[in-house]
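The values are calculated or read from the model by the stated rules, or taken from the named source; none is laboratory data. Not measured: the values here are computed from a predicted model. Backbone-built Cβ (ideal geometry, glycine too); neighbour counts: all protein chains shown.
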Amino acid sequence: MTTVQDLPQIKGVKNIPISEGYTSGHRTCQGCESALVMRLMIKAAGQRTIVVGSTGCMYVANTTYYSTPWVVPWMHTQLGSSGSAATGTAAGLASMMRKGKMHKEPINVIAFCGDGGGADMGLAAISAALQHDEYNLLILMYDNESYANTDIQASGSTPYGANTTFSPPGKETRIMNKRWKKNTAPMLAVGHPDVKFVATANGSYGLDFNNKIRRALTIGGPTFIHSIDPCPKGWDYDPKFSHELGMLIVETGLWVQYEIIEGELTLNGPSRAIARGIRKRKPVEEYLMRQGRFAHFTKEDIKIFQDRVDESWEKWWLPGVIPVTMGQD
Amino acid sequence: MSTVAVEVVYRGIFQRTLARNIVRSIVFAARKEGKIGTAFGRYGDSPERNGIPAKQFAVVADDAEELEEVLARYEPTEVDVTINVDDTMCKGIESWAWYGLQPINQLTKPNGTLIVTSRQDADSLVEDIHQKDTPFDLSIIKSTVSFSGLWVYKDDHTDARILGTLCNVCPQLFSIDSMLQALDEQGNGETKLASAQKAYDVATIRTVEPGEGNSEVPYKFELLGWQTMEEGLVIRAQGKGGGFRGGDEGFQPDRNEVFKKYSTRSMRPVINFETCIKCTLCWLQCPDTCFDITPDGLYDANMESCCGCGVCEAVCPVPDCVTMVSEADFNDNSSQWEAWQEDKPSYQQWMTALVDKQKAETRTHGFHHVGGYTEEIAASEDA
C-alpha cells in the first residue's frame, strides 16, 4: 500500500484552507450545492490531487467548450465507471512510481459520481473498487436525488412522492414515485467489511465536510462518502435556500450525518444530538413544504413520510442507518 | 412571403414554463386564423440551469412550405419580435450555447419590436440595450419580473399580458380575438383573458433610433477550433491564485478567462464592510468561489464569478450585512471593497440606498413555500 498525504483534521472554521482547486468557469445553476461540494472537496484534499468525474451535472456543467473551472488535474469517465476509473488511476500511479517513471509521492485520487452514476448505474464498479484494498482512493457520491443534468428524471435516490419528469403527480394518482430512497452508504459499509471509512456528508456543514474528506484520504485503502446536495432546479426552491435546506434535511432526521471509521459508527452534529435526545427532530413537513417537488403533498402524504422517518429512528437496529429490526429471540 | 418569427429570451428553469406558455399560445392563436406554426426551445440551451439565459421560438407561416423554409435553419436568424421576460437581460446575454455577450436585440429585425417586462422606465432600459444600426420599437409591460421554478408555476398573468401586447405591436401575426379564443381553449379563466385584453388596449411603443443606447462593444472570446486543439484534447487548468489583486496579502483565486458570470445574475450582493464580523460563512458557502479575501480579512464579492444565487445573504448572521439587490442598478462589475476603501462615507450612503430600495420592491427567485406564490401575487397587486 502506498503512503498517504499528511492532511490533519481541521480545528475550527477559521482554519479551513484558503487555497482553491475549483474556481469559476462552471455553468452550474444558481445556488448549486454540488458545485459547493466540489469546491469543499478539493479545498480539503489540496492541490496534489487527481479528480476523476463520471457523467452528470458536475461533468457537463463544468466542461463547456474548451474551458474548465478545475485547478487540479481532472478527467471525465463514463456514467457507471467512477469505481473502475478510480481503481485504474490509483493503480496506474502506483505502477508508474514503482517503475520509477514518476517521482514517488502520495497523490490523492478522488472519483466522484452523482446518485444516478453511483447509487444506480455504477454500484457494481464502486463495490469492486472498495474491495481493492491495496489502493488509496475516495469515491464521493454527490446525491441531488435525481438525474438532474438531463432535467430531473427519478433515480434510486429520489425520495418518496417527489415530482420528477418520470413521476409527475396527476389528478387521479398523486404519488407516482412510491419507492423509498436507496440507503447507499450503509449498504456499502455493511457489504465491504475491510473498508476503513464510509461516511455521509452535507455541504451545509462545511468544516465537518472538510474533515470527512481528509479522514477518507488519510485512513488508507478505498473509502466512500455519500453527500446530500440540495438542488434548486430539481427540488424547485429559491437558490438562496440551498444551505438552509441542507440543514433542514438533517434537523428533521430525514438525513443522518455519520461516519463509520474502521467499523465503528459515530453520529455527527445535529444527528448526534437527536440520537442522544438532546435535540428534538423538526417535523418533516417543514422540510417538504419548502420545495416545489413536494407541493402536491396532502396531509396524508406528509404523514406517510413522517411515519417512515419516525420508524427509522424508533425501530431500526441502528437508528436512521440500518433498516433492520431485532427479531423475537 | 409572410413568415413571422418570435423569440422569447428567459432565465433558464425560472421562466421556462412562462416561455413555453407564450410560444405555444402564439402557435395556437395562429391556427385560429388558418395559419401554421411551430414552437420550440433552442437545442443549445439544454440542459437548462437556473438563471442562465435561454431561448424559445415561435414561427408562424401562411403555409407549410413557407414554414419549412424557415425551419431548415437551426434557429431563426432574425425575428420580428423579441420578448425579454427579465429586464436585467437588457444588458446582454451569455447562454450555454456560446462564449461572449450577445445583445438582447441581436436577432430583432429592422423596425421589429422588443417587448420587455420591467418596472424601469424606457430611458433606463435603452441605456442598457446595445445600439443597433437600424431602428426598433421598445414596448414595456410594467410589471414585476415573474420567476418561478421547474414544477410549480407562478400564474401572475405575465404570459397573458405579453400575448396581449404582442397582438398590438405585431398585428400581422393574428388578431387579439384569435388570441383570446386560443387562451380560452387552453383552459385559462376569464380574469386571465381580461389581463390579455387590457394589455392589448394599453400597449405603447417607443422607437429606439439607430445609434441610441448602450455604445459598449459586447465582449467575445476566441477559442481553439478542432484543428488547433492541443494534443490529447488537453484543456489548460486554472492557475492556483495568489494574493489579493496580485499583492502579498489576502487571497484571490485565478478565474476562468473565457466565461464570466455577468449575465447569469439578476441580483448581486452588496456588502456592509463595517458590520462584517469576518465569520467566513459567505466565503465558505459560496458555490461559485466568488469571494476574494482582502488584506484586512474581509470578503469582497468578485463579480466575475458571482451568479447571484443569494446563498451569501442567507448564511450571513449579521442583519443587512450582505443584501441581494437588483442587477439593474449597476452599470459595471467593479470591486465594492475598493470603492469602500476609497471613500467610506459615500460607499455607506450608496449601499444603504440600494438596500432600502430592495426592501421596497422585493424581487424573488422562485419557490419559497407552499402557497407562497399566491401571497406574492396578492402583494404585487396591492402595490
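Return the total of residues in segment B:293-336 being among the hydroxyl-bearing types (Ser, Thr, Tyr) and within 25 Å of B:Ser124 (Cβ to Cβ).
Of the residues in segment B:293-336, the ones among the hydroxyl-bearing types (Ser, Thr, Tyr) are B:294, B:299, B:305, B:323, B:326, B:334-335.
From what's left, within 25 Å of B:Ser124 (Cβ to Cβ): B:323, B:326, B:334-335.
Adding up the residues that qualify gives 4.
Out of everything in segment B:1-49 that is of a type in the set (Asp, Glu) and buried (at least 20 other Cβ atoms within 10 Å of the Cβ), what residue ends up being nearest to B:Phe174 (Cα to Cα)? Quick ask: steps written out before the conclusion?
Just the residues of segment B:1-49 that are of a type in the set (Asp, Glu), to begin with: B:7, B:33, B:45, B:48.
With buried (at least 20 other Cβ atoms within 10 Å of the Cβ) added as a condition, the list becomes B:7, B:48.
On the way: B:Glu7: 16, B:Glu48: 31 Å.
The selected residue is B:Glu7.
Counting only residues that are surrounded by 13 or more Cβ atoms within 10 Å (Cβ to Cβ), free of Cβ contacts under 8 Å to residues at least 12 places away in the same chain and β-branched (Val, Ile, Thr), how many does segment B:210-265 have?
Number satisfying all stated conditions: 1.
Consider A:Val195 carefully, then state whether it is away from chain B (no Cβ under 14 Å) and assigned to a helix (DSSP H, G or I).
no
Any residue that is small (Gly, Ala, Ser), within 14 Å of chain A (Cβ to nearest Cβ) and either part of a loop (DSSP other than H, G, I, E, B) or farther than 29 Å from B:Asp155 by Cβ (or both) - is there at least one of those in segment B:198-215?
Looking through segment B:198-215, none of the residues is small (Gly, Ala, Ser), within 14 Å of chain A (Cβ to nearest Cβ) and either part of a loop (DSSP other than H, G, I, E, B) or farther than 29 Å from B:Asp155 by Cβ (or both).
Got at least one residue in segment B:127-145 being in contact (Cβ under 8 Å) with a residue 12 or more places away in the chain, over 16 Å from B:Val169 (Cβ atoms) and part of a helix (DSSP H, G or I)?
Within segment B:127-145 (the criterion being in contact (Cβ under 8 Å) with a residue 12 or more places away in the chain, over 16 Å from B:Val169 (Cβ atoms) and part of a helix (DSSP H, G or I)), the answer is yes, since at least one residue qualifies.
Select from segment B:285-310 the residues that are more than 20 Å from B:Gly242 (Cβ to Cβ) and touching a Leu at 6+ places or on another chain (Cβ under 8 Å) and list them in ascending order.
B:Gln285, B:Pro287
Checking A:Thr150 against (1) modelled with pLDDT of 95 or more; (2) surrounded by fewer than 19 Cβ atoms within 10 Å (Cβ to Cβ): exactly one of these is not met. Which one?
Against the list (1) modelled with pLDDT of 95 or more; (2) surrounded by fewer than 19 Cβ atoms within 10 Å (Cβ to Cβ), A:Thr150 comes up short only on (1).
Considering only segment B:227-265, state which residues are more than 7 Å from chain A (Cβ to nearest Cβ) and among the aliphatic types (A, V, I, L, M).
If the condition is that a residue be more than 7 Å from chain A (Cβ to nearest Cβ) and among the aliphatic types (A, V, I, L, M), then B:Met229, B:Leu233, B:Val234 are the ones that fit.
Yes or no, residue by residue, for (1) of a type outside the set (A, V, I, L, M); (2) surrounded by fewer than 23 Cβ atoms within 10 Å (Cβ to Cβ); (3) more than 14 Å from chain B (Cβ to nearest Cβ):
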residue	(1), (2), (3)
A:Ser67	yes, yes, no
A:His76	yes, yes, no
A:Gly83	yes, no, yes
A:Thr87	yes, no, yes
A:Val109	no, no, yes
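If only one of A:Gly118, A:Gly114 is within 14 Å of chain B (Cβ to nearest Cβ), crowded, with 24+ Cβ neighbours inside 10 Å and not hydroxyl-bearing (Ser, Thr, Tyr), which one is it?
A:Gly114
For the list (1) more than 13 Å from the chain's Cα centre (by Cα); (2) modelled with pLDDT under 95, I need the number of the one condition that B:Thr108 fails.
(2)
Conditions tested, residue by residue: (1) away from chain A (no Cβ under 14 Å); (2) over 15 Å from B:Ala54 (Cα atoms); (3) surrounded by fewer than 20 Cβ atoms within 10 Å (Cβ to Cβ).
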position: B:Gly92; (1), (2), (3): yes, no, no
position: B:Ser95; (1), (2), (3): no, no, no
position: B:Gln102; (1), (2), (3): yes, no, yes
position: B:Thr108; (1), (2), (3): yes, yes, no
position: B:Leu114; (1), (2), (3): yes, yes, no
position: B:Thr117; (1), (2), (3): yes, yes, no
position: B:Val126; (1), (2), (3): yes, yes, yes
position: B:Ile129; (1), (2), (3): yes, yes, no
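Which members of segment A:1-21 meet the condition of being within 7 Å of chain B (Cβ to nearest Cβ) and under 30 Å from B:Ile13 (Cα atoms)?
Within segment A:1-21, just A:Glu20 meets the criteria.
Away from every other protein chain (no Cβ under 14 Å), in contact (Cβ under 8 Å) with a residue 24 or more places away in the chain and either in contact with a Lys or Arg (Cβ under 9 Å, 6 or more places away or on another chain) or of a type in the set (Phe, Trp, Tyr) (or both): is that true of A:Tyr142 in this structure?
For A:Tyr142, the condition - away from every other protein chain (no Cβ under 14 Å), in contact (Cβ under 8 Å) with a residue 24 or more places away in the chain and either in contact with a Lys or Arg (Cβ under 9 Å, 6 or more places away or on another chain) or of a type in the set (Phe, Trp, Tyr) (or both) - is not met.
Identify, please: which residue in segment B:266-304 is in contact (Cβ under 8 Å) with a residue 40 or more places away in the chain, hydroxyl-bearing (Ser, Thr, Tyr) and more than 10 Å from chain A (Cβ to nearest Cβ) and is, among those, surrounded by the fewest Cβ atoms within 10 Å (Cβ to Cβ)?
B:Thr275
Could you look through segment A:24-63, keep only residues that are without any contact (Cβ under 8 Å) to a residue 60 or more places away in the chain, farther than 17 Å from A:Leu217 by Cβ and at the interface with another protein chain (Cβ under 7 Å from one of its Cβ atoms), and pick out the one that is nearest to the chain's Cα centre (by Cα)?
Looking at the filtered set, the residue picked out is A:Ala35.
Condition first: out of contact with any Gly (no Cβ under 6 Å at 6 or more places or on another chain) and over 22 Å from B:Glu313 (Cα atoms). Now tell me which residues in segment A:26-42 satisfy that.
A:Met41
Restricting the first residue to segment B:27-51 and requiring it to be at negative phi, which pairs with a second residue that is of a type in the set (D, E, K, R) and part of a loop (DSSP other than H, G, I, E, B) meet a Cβ separation below 7 Å and a spacing of at least six or different chains?
B:Lys35/B:Asp62; B:Ile36/B:Asp63; B:Arg42/B:Glu75; B:Pro47/A:Asp151; B:Arg49/A:Arg27
With the condition kept exactly as written, say whether any residue in segment B:238-252 is of a type outside the set (Val, Ile, Thr) and closer than 25 Å to B:Trp98 by Cβ. Quick ask: steps written out before the conclusion?
Applying the first criterion (of a type outside the set (Val, Ile, Thr)) to segment B:238-252 yields B:238-252.
Within this subset, residues satisfying the condition of being closer than 25 Å to B:Trp98 by Cβ are B:238-239.
Within segment B:238-252, one or more residues are of a type outside the set (Val, Ile, Thr) and closer than 25 Å to B:Trp98 by Cβ.
Listed here are the residues, each with its yes/no results for (1) within 14 Å of chain B (Cβ to nearest Cβ); (2) not acidic (Asp, Glu).
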site: A:Glu244; (1), (2): yes, no
site: A:Leu248; (1), (2): yes, yes
site: A:Glu264; (1), (2): no, no
site: A:Ala273; (1), (2): no, yes
site: A:Lys282; (1), (2): no, yes
site: A:Leu288; (1), (2): yes, yes
site: A:Gly292; (1), (2): yes, yes
site: A:Phe297; (1), (2): yes, yes
site: A:Asp307; (1), (2): no, no
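Any idea which of A:Ile213, A:Ile175, A:Ile225 is surrounded by fewer than 22 Cβ atoms within 10 Å (Cβ to Cβ), modelled with pLDDT of 95 or more, closer than 28 Å to A:Met121 by Cβ and of a type in the set (Val, Ile, Thr)?
Matching residue, one of A:Ile213, A:Ile175, A:Ile225: A:Ile175.
In this structure, does B:Val311 turn out to be crowded, with 16+ Cβ neighbours inside 10 Å, touching a Ser or Thr at 6+ places or on another chain (Cβ under 7 Å) and either within 11 Å of chain A (Cβ to nearest Cβ) or modelled with pLDDT of 95 or more (or both)?
Numbers: crowded, with 16+ Cβ neighbours inside 10 Å: yes; touching a Ser or Thr at 6+ places or on another chain (Cβ under 7 Å): yes; either within 11 Å of chain A (Cβ to nearest Cβ) or modelled with pLDDT of 95 or more (or both): yes.
Against the criterion (crowded, with 16+ Cβ neighbours inside 10 Å, touching a Ser or Thr at 6+ places or on another chain (Cβ under 7 Å) and either within 11 Å of chain A (Cβ to nearest Cβ) or modelled with pLDDT of 95 or more (or both)), B:Val311 qualifies.
Testing A:Glu300 on (1) at pLDDT below 95; (2) more than 21 Å from A:Ser204 (Cβ to Cβ), one condition comes back false. Which one is that?
Going through (1) at pLDDT below 95; (2) more than 21 Å from A:Ser204 (Cβ to Cβ) one by one, A:Glu300 breaks only (1).
Taking A:Thr165, is it hydroxyl-bearing (Ser, Thr, Tyr) and surrounded by fewer than 16 Cβ atoms within 10 Å (Cβ to Cβ)?
yes
Can you tell me how many residues in segment B:11-26 are at negative phi and within 14 Å of another protein chain (Cβ to nearest Cβ)?
Going through segment B:11-26 one residue at a time, the tally reaches 7.
Could you figure out which of (1) within 13 Å of chain A (Cβ to nearest Cβ); (2) assigned to a loop (DSSP other than H, G, I, E, B); (3) surrounded by fewer than 21 Cβ atoms within 10 Å (Cβ to Cβ); (4) not charged (D, E, K, R) isn't true of B:Thr374?
Failed condition: (2).
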